[in-house]
Amino acid sequence: MDVRNKTLMVTKYCIKNEFTMCPFDEKHNQSKLPEPLYLVDRKNKYKLEFHCAECEMHIINT
């Protein structure tokens, strides 16, 4: 089964929100992160997709 480019996880925890860079948080949204963002471990690289209107972060297998 090929899982490349598939959503592995959907989470309400958001890196943009953690770094106070949420586009919906007018109080703290001072700068933007360069996108796309990735989580990387020793073997894999995971693309992060932000669905800000739903306040969700999707982790995609690349």
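The numbers here are math on the coordinates, done by the rules we state, and not lab data. The structure presented is a predicted model; accordingly, all values stated were derived computationally and were not measured. For neighbour counting, all protein chains shown are included, and Cβ atoms are generated from backbone atoms with ideal geometry for every residue, glycine included.
Checking the stated criteria, VAL40 turns out not to satisfy the condition of being touching a strand residue (DSSP E or B) at 6+ places or on another chain (Cβ under 6 Å) and either on the phi < 0 side of the Ramachandran plot or not charged (D, E, K, R) (or both). Residues that are free of Cβ contacts under 8 Å to residues at least 24 places away in the same chain, surrounded by 11 or more Cβ atoms within 10 Å (Cβ to Cβ) and over 13 Å from ILE15 (Cα atoms) within segment 35-49 comprise ASN44, LYS45, listed in sequence order. If you go through segment 8-59 and keep only what is among the hydroxyl-bearing types (Ser, Thr, Tyr) and not in a loop (DSSP other than H, G, I, E, B), you end up with THR11, TYR38, TYR46.
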